[in-house]
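Notes for the one structure printed next.
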Amino acid sequence: MKRKPALILSFILVSAVVAVLSGCKQGAPAVTVKVPEATLSPMIVGSASVFMDIVNNGSGDDMLKAAHAEIAGAITELHDVQEGKMIKVKGIRIPAQGTTALKPGTFHIMIFNMPRDTKKGYRFTLALTFEKSGLIKMPVTLSSTSSHSSESSMDHTAHGH
């Protein structure tokens, strides 16, 4: 009978070591989104890039798993830029006690197949789905065509949208 408490203690100790070594924070995330900026793409008609800061003041990491623009027929994707090429990603890590910036030349959200007459001032709702924090919806207003040189120099050929 004395072995049972020792076995339980050993299991707890091993679990703690694995959590520390994995680099994952196991607490609860507390995610907030700073006002997003959306700009029309100068390269792809009917598309926009969305940038924002995602702040996690919690004690656990989270993951942005999906984004959805509430626009009929639109396709919304999470993207990164690697070696000058825009690529679709499955998720964006939001570290505990940290901020992840979605900005030109790195992580961002792309919206394709927007109405062709979309212009500055167009309003829509953006829904972000986080692994632990769930769904966060926010209003977004398109500001204008992006003048970010990093976007205009990116290779968009892999998209075909």
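The table that follows gives values for the structure above.
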{"item": "Simple spin-label estimate for Ala101 and Lys88 in nanometres, 7 Å along Cα-Cβ", "result": "2.8"}
{"item": "Cβ-derived FRET efficiency at R0 22 Å, Asn113 paired with Met138, nearest 0.05", "result": "0.60"}
{"item": "Per-residue Cβ neighbour rank within 10 angstrom, fewest leading, Ile111, Ile75", "result": "Ile75, Ile111"}
{"item": "Charge sum, other residues only, whose C-beta stays under 9 Å from Lys132's C-beta, Lys/Arg counted +1 and Asp/Glu -1", "result": "-3"}
{"item": "Cα gyration tensor of segment 24-152 - equivalent ellipsoid semi-axes, whole Å, descending", "result": "25, 16, 12"}
{"item": "Segment Ala72-Thr125, length gained on full extension (0.36 nm per residue, minus Cα span)", "result": "17.9 nm"}
{"item": "Long pairs among Lys65/Lys119; Lys88/Lys132; Lys85/Lys137, criterion Cα-Cα beyond 26 Å", "result": "Lys65/Lys119; Lys85/Lys137"}
{"item": "Stretchable slack from Val45 to Thr32, in nm (0.36 nm times residue separation minus alpha-carbon distance)", "result": "1.6 nm"}
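No value in this document is a laboratory result; all are computed from the given coordinates. These numbers were taken from a predicted model, which means no experiment stands behind them. Reconstructed Cβ throughout: ideal geometry from the backbone, glycine too, with neighbour counts over all protein chains shown.
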